[in-house]
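All remarks here apply to the structure that follows.
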Amino acid sequence: MKQMGAAIVIGCLGLASCLPVKMDAYEKNQEIPGHQWSYQYKPVFEVTIKPEDTAYLYNIYVNIRHQDAYPYSNIWVLVNTQFPGDSSLQPRRVELPLADASGKWLGSRLDDIYEHRIPIQQKAILNKPGTYRFTFEQNMRQNPLPYVMNVGLRIEKAGARP
């Protein structure tokens with residue numbers, strides 16, 4: 001009887017491992033070359049949404065890591081989105097606040113490095129299965145933009161779609 005129970009458990013585990021993995025969260029960060037973000041450096045993030053994942057809402061964040069010497073209280077970024085099966089880009093200019101009105105850095109601190117996870121869209125609908133391509137461009141007047149170490153994208157499930 002114990003052998004039969006063990007066989008059932010092993011069989012269930014084997015079956016579960018064959019099921020497609022659902023996306024609960026995607027997160028990827030890319031290092032800015034030389035910690036100087038130039039207009040020419042446009043990091044790309046590709047997120048694949050499976051058909052079963054289209055039933056959910058998603059929160060979308062931009063991650064920024066910078067040094068204490070970063071000279072501004074914010075950063076403007078162009079977020080270009082390419083939807084599955086579409087060759088055109090949907091651009092959106094986004095302000096990412098990095099400090100409060102008094103100049104105190106937001107986000108978490110480790111020595112002289114600050115990390116921010118800034119929401120840019122809450123309860124987004126990604127209703128088409130396939131690969132979504134996000135390209136980030138720094139959109140500040142200064143080029144290159146100094147003391148920016150990393151930029152990243154995080155997408156996490158926010159619940160089932162109504």
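The values are calculated or read from the model by the stated rules, or taken from the named source; none is laboratory data. Predicted, not measured: the structure shown is a model, and the values here were computed from it. We place every Cβ from the backbone using ideal geometry, glycine too, and count neighbours over all the protein chains shown. These accessible areas exclude ligands, DNA and RNA; they are computed on the full protein's heavy atoms, side chains included. Shrake-Rupley method; radii C 1.70, N 1.55, O 1.52, S 1.80 Å.
Divide by every residue of the chain the summed helix terms, -39500 (n - 2.57) for each DSSP H run of at least 4, and state the resulting mean residue ellipticity at 222 nm, rounded to the nearest 500 deg cm²/dmol.
Working: 1 runs with 17 residues, N = 162.
Counting only the DSSP helices, I get -3500 deg cm²/dmol.
Please work out the C-alpha center-to-center distance from the stretch 39-63 to the stretch 84-143 and express it in whole Å. The two parts, judged by their Cα centres, are 11 Å apart. Using the Cα centre of the stretch 101-159 as origin and beta-carbon charges of +1 (Lys, Arg) and -1 (Asp, Glu), tell me which of Ile125, Asn150, Asn139 is placed farthest towards the positive end of the dipole. Value computed over the given set: Ile125.
Quick check: from the Cα gyration tensor, does the stretch 118-162 come out rounded (a/c under 1.5), prolate or oblate? Prolate, since a/c reaches 1.5 and a/b exceeds b/c. Sites counted here are trypsin sites (Lys or Arg not before Pro) in a DSSP loop (not H, G, I, E or B) having no more than 12 other Cβ atoms within 10 Å; the longest part of the chain that contains none of them is 23-103.
When the dipole is taken about the Cα centre of the stretch 71-154, and only Lys, Arg (+1) and Asp, Glu (-1) are charged at their Cβ, what size is it in debye, to the nearest 20?
Values: 10 positive and 7 negative charges, 62 e Å.
Computed about the Cα centre, the dipole is about 300 debye.
Counting only alpha carbon atoms, the long axis of helix 2-18 and the longest principal axis of the chain meet at about 40°.
Per residue, the accessible area of the chain comes to 59 Å², computed with a 1.4 Å probe over protein heavy atoms only.
Near the amide H of Lys123, within less than 5 Å, lie the amide hydrogens of Tyr58, Asn59, Ile60, all on another chain or at least 5 residues away, with H placed in the peptide plane.
Every Cα-Cα pair in the chain was counted, and those over 27 Å apart are 37% of them.
Express in nm, to one decimal, how much length is gained between Gln90 and Glu156 on full extension, taking 0.36 nm for each residue of separation and deducting their alpha carbon distance.
On the way: separation 66, 0.36 × 66 = 23.76 nm, distance 2.05 nm.
Residue separation times 0.36 nm, minus the Cα-Cα distance, leaves 21.7 nm.
Taken about its Cα centre, the chain carries a charge dipole of about 440 debye when Lys and Arg each add +1 at the Cβ and Asp and Glu each add -1 at the Cβ.
Working value for the stretch 49-114: equivalent-ellipsoid semi-axes of 32, 15, 10 Å, each the square root of 5 times a Cα gyration tensor eigenvalue, largest first.
Projecting the Cα atoms of Gly85, Leu98, Tyr61 onto the dipole axis of the stretch 19-124, where Lys and Arg carry +1 and Asp and Glu carry -1 at the beta carbon, places Gly85 farthest toward the positive end.
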